Structure formats: C-alpha cells, structure tokens
1. What is the spin-label model distance, in nm, from Ala155 to Ala131 if the labels are put 7 Å beyond Cα along the C-beta direction?
2. Classify region 110-150 as rounded, prolate or oblate from the Cα gyration tensor: take a ≥ b ≥ c as the square roots of its eigenvalues, call it rounded if a/c is under 1.5, otherwise prolate when a/b beats b/c and oblate if not.
3. Can you give the extra length, in nm with one decimal, that the chain gains between Ile59 and Thr119 once fully stretched, where that is 0.36 nm per residue apart less the Cα-Cα distance?
4. A 23 angstrom limit on the alpha carbon distance is what I want to check against. Which of Lys93/Lys157; Lys127/Lys163; Lys132/Lys157 exceed it?
5. Apply 1/(1 + (r/R0)^6) to the Cβ-Cβ distance of Ser105 and Thr77, taking R0 = 22 Å, and write down the FRET efficiency to the nearest 0.05.
6. For labels at Glu164 and Thr91 in the simple 7 Å Cα→Cβ model, what's the distance in nm?
Amino acid sequence: MNKTIIAILVIVAVIVIGFVLVGKKETQAPTTGETTSTAQNQTKAPAAPSQTVPSQGRIIPPPPPVPTPLSVPQTVTVTYSDQGFSLSIVTIKVGDRVRFTNESSAGMWIASAPHPTHTIYPQFDQKASVAKGGAYEFTFSKIGDWTYHNHLNPAHKGRVIVKE
Ligand SMILES: [Cu+2]
C-alpha cells in the first residue's frame, strides 16, 4: 500500500515538475530570441577591427575644402551733429552700407548732390526727415564718388567713395 502511494506521489511530482519546466521554457523563449540577436551583433563586431589590423599604416583622407569666405558687407556709421558730418569722406566697397545717425538738434535728410534735385544718385535720397536719435541706412550698389548733403541744411556736406 505505502509503495503504491509513494509511486503515485512520485508520478504526480514528476508531472508537476514537468509542467513547471515547460512553463519556464515558454516564458524564456522570447529572452532566448534576444540573446541570439545580440550574439549576431557580437559576431559582427570583431569583424571590423580584423580588417584594420593587417594594415599597419593609417590612411588619412584629405581635409574637406575650406570655402572661401565671401566678403561680408560692412556698415560704416557717420554721425550727424550740429557741426556737420563726423566723417567728411567715407571709403567703402560696393555692397557696403553707411548708417547716418542724427545726433543734431534739428532734422536730418540725407540726399545725394546736387541740392535740390539730388540727381547724381537718385536712390541715395532719404526722401524724408528724421529727428534727433533717428538714423538712415543706405547700401551702395554703384561704384563712384558720391557727394551728399543734409537737404534741410545743404551747407553740411559729405562724400562716400564706393570702390569695387
Ligand atoms: Cu537737397
């Protein structure tokens, strides 16, 4: 009697242990898939250094061509006061800009010569007056020797020489 009970218990125990082992394998299945993928990566990794090891020298590719810096447009500031313009002559390049700032007690209206028609460089004409603290900026796109004045006080003159 006792032997048969022990035998049944052993069989039951084997069955239970079998189920437990099968259950563990099913849960471990996805993790084993991941380990195989990392194993593939590991096998690929050593391949790269093995290619570089035989060559004792080092190949250094030529440096990328350095782009030639384009000439950055400059801005020259001319201050206008009650005595006139701070710079009587400004020499710049085509594409450069002159900023006229009004620090006088009166209005400032920059305009190209001659007064009052402003015909030598018609675009270089503020066409309006700006009060103290204001400014007028103009980008010179024409080569030349451009005289200008304050249209509201033509005795105050200046020159902008634009070179290539
Ligand atoms: Cu004028």
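1. It is 2.5 nm.
2. Values: a/c = 2.35, a/b = 1.44, b/c = 1.63.
Oblate is the answer for region 110-150, as a/c is 1.5 or above yet b/c matches or exceeds a/b.
3. 15.2 nm
4. Beyond 23 Å: Lys127/Lys163.
5. Efficiency, from the Cβ-Cβ distance: 0.70.
6. Once both label points are built, they end up 1.6 nm from each other.
Only the coordinates and a few stated rules stand behind these numbers; no lab work does. Since the model is a prediction, treat every value here as computed from it, not as a measurement. Please note: Cβ atoms are built from the backbone with ideal geometry, for glycine as well, and neighbour counts cover all protein chains shown.
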